[in-house]
1. State all residues of the range 233-280 that are among the small types (Gly, Ala, Ser), more than 16 Å from ligand 3 (Cβ to nearest atom) and closer than 29 Å to residue 323 by Cα; if no residue qualifies, say none.
2. Going by the conditions given, is residue 329 in a helix (DSSP H, G or I) and over 30 Å from residue 167 (Cβ atoms)?
3. Since residue 117 meets every condition but one in (1) over 19 Å from the mean Cα position of the chain (by Cα); (2) surrounded by fewer than 14 Cβ atoms within 10 Å (Cβ to Cβ); (3) within 16 Å of ligand 2 (Cβ to nearest atom), which condition does it not meet?
4. Identify, please: which residue in the range 227-244 is under 11 Å from the mean Cα position of the chain (by Cα) and part of a loop (DSSP other than H, G, I, E, B) and is, among those, nearest to ligand 2 (Cβ to nearest atom)?
5. Scan the helices (runs of 4 or more DSSP H) fully inside the range 137-224 and keep the ones with 2 or more residues being within 16 Å of ligand 2 (Cβ to nearest atom), at pLDDT 95 or above and among the aromatic types (Phe, Trp, Tyr).
6. So, residue 36, is that one within 14 Å of ligand 1 (Cβ to nearest atom), modelled with pLDDT of 95 or more and aliphatic (A, V, I, L, M) or not?
7. Looking at the range 245-288 only, could you name the residues that are out of contact with any Lys or Arg (no Cβ under 8 Å at 6 or more places or on another chain), in a loop (DSSP other than H, G, I, E, B) and over 30 Å from residue 196 (Cβ atoms)?
8. Please give the number of the condition residue 285 fails out of (1) surrounded by fewer than 20 Cβ atoms within 10 Å (Cβ to Cβ); (2) within 16 Å of ligand 1 (Cβ to nearest atom).
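The values are calculated or read from the model by the stated rules, or taken from the named source; none is laboratory data. Note that the coordinates shown come from a computational prediction; the quantities given were computed from them, not determined experimentally. Don't worry about glycine lacking a Cβ; one is built from the backbone with ideal geometry, like all the others, and counts go over all protein chains shown.
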Amino acid sequence: MEYYTSALKNIAEKFCIAGEVLEIVPYGEGHINQTLLVTTTEKRYIMQKMNTKVFSDPDGLMGNICGVTEHLRARGIETLYVVPTKDGAPFLKEADCYRVYDFIENTVTYQTVTDKEVFKNSGKAFGEFQNYLAEFDASKLTETIKRFHDTPKRFADFKTALEADAFDRAKECKEEIEFILARESTYSVVMDGLKDGSLPLRVTHNDTKLNNILMDAETGKARAVIDLDTIMPGSMLFDFGDSIRFGASTAAEDEKDLSKVHFDIELFKAYAEGYCGAVKDSITPREAELLPYGAYLMTIECGMRFLADYLSGDTYFATKYKGHNLVRCRTQIRLADEMEKNFENMKKIIQEILR
Ligand code: ADP
Ligand code: GN1
Ligand code: MG
């Protein structure tokens, strides 16, 4: 496939890339930025059109990424390498904003878990990433999206979208709406804990789904945590929870056939073993107690975000067809529902791992 416009080639050539551009094609399954694979006569790069509607402060955001990647590299950790523009800037700021990373070769990203060990390895890597961020000076970070995992705020946004029902779509998703409305009283636990100090505020990744980590194609071990756009102060429960929401499912996030979508307790256990093994020296008893709840909360929060976007005409997440966000919402609700039924098992697993 050759997807190549001279406009994109001109953009790529404004960066310090080696060789002549041969091909530029869309790449990956991210929902936010427009990701392109650039192949030159010398090597490969990832070029992204940054989503400045979602991230309104691209300077602050790239400052975070440069700071965090330098911090990691200084400790010998493999991480994204930001290719500067020929003017020496970390990104190109014109009508649109673009950035370029070295393509990290011999790695794969997964959209579903195909191997329990690989998922466990990703848990270990996200846990270790949490440890490296603990040494990073949080005052140097810009908050790239305010109140990103403030679930009560997400719920309020959902209700606003529902009341407006601007595309007359609420009638197609009555059950999903009911599910989300009925659980309002459960949404504030983590935010309350952060406010009253019973949960520590940490520097977190905040978007720890499995396709935001590059796994070694041969060994199945983690190579690099990527998608660093949302590194901000937050709770460890967000990072643990978001990985479980995406990875401890028997199907893809956008599986249409709900009979294939189940919360897999064995995958939960595998990830928890990897993650808890890495953070065992820093996790507090209250965080440990809330890990199952964190998984549940991130799942239902993501479900309400997908549904709010569907009701608002699909302006936030990239979609491939009408109803894509509704399909995604349905998988999240299925998972949250099954997690509710598995809560005691989840708690027991965490207690055993951290004993
Ligand atoms: P989004 O914010 O839209 O999710 P990501 O930064 O996560 O965008 O990138 C989308 C996908 O592109 C990733 O899931 C991964 O498959 C791939 N990718 C991104 N950066 C790199 C890189 N430096 N090397 C290899 N693959 C990458
Ligand atoms: C988005 O950027 P990406 O595709 O890795 C979103 C996450 C959601 C996720 C759902 C900045 O992640 O919060 O959990 O989609 N990122 C942003 O798949 O909103
Ligand atoms: Mg991503």
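1. Residues satisfying the conditions are 241, 248, 249, 251, 259.
2. No; evaluated as a whole, the condition is false for this residue.
3. It is condition (3) that residue 117 fails.
4. It comes out as 227.
5. Numbers: elements: 151-164, 174-182, 189-196.
Per the criteria, 151-164.
6. Working: within 14 Å of ligand 1 (Cβ to nearest atom): yes; modelled with pLDDT of 95 or more: yes; aliphatic (A, V, I, L, M): yes.
When the stated conditions are applied, residue 36 passes them.
7. Within the range 245-288, 252, 255, 256, 257, 264 qualify.
8. (2)
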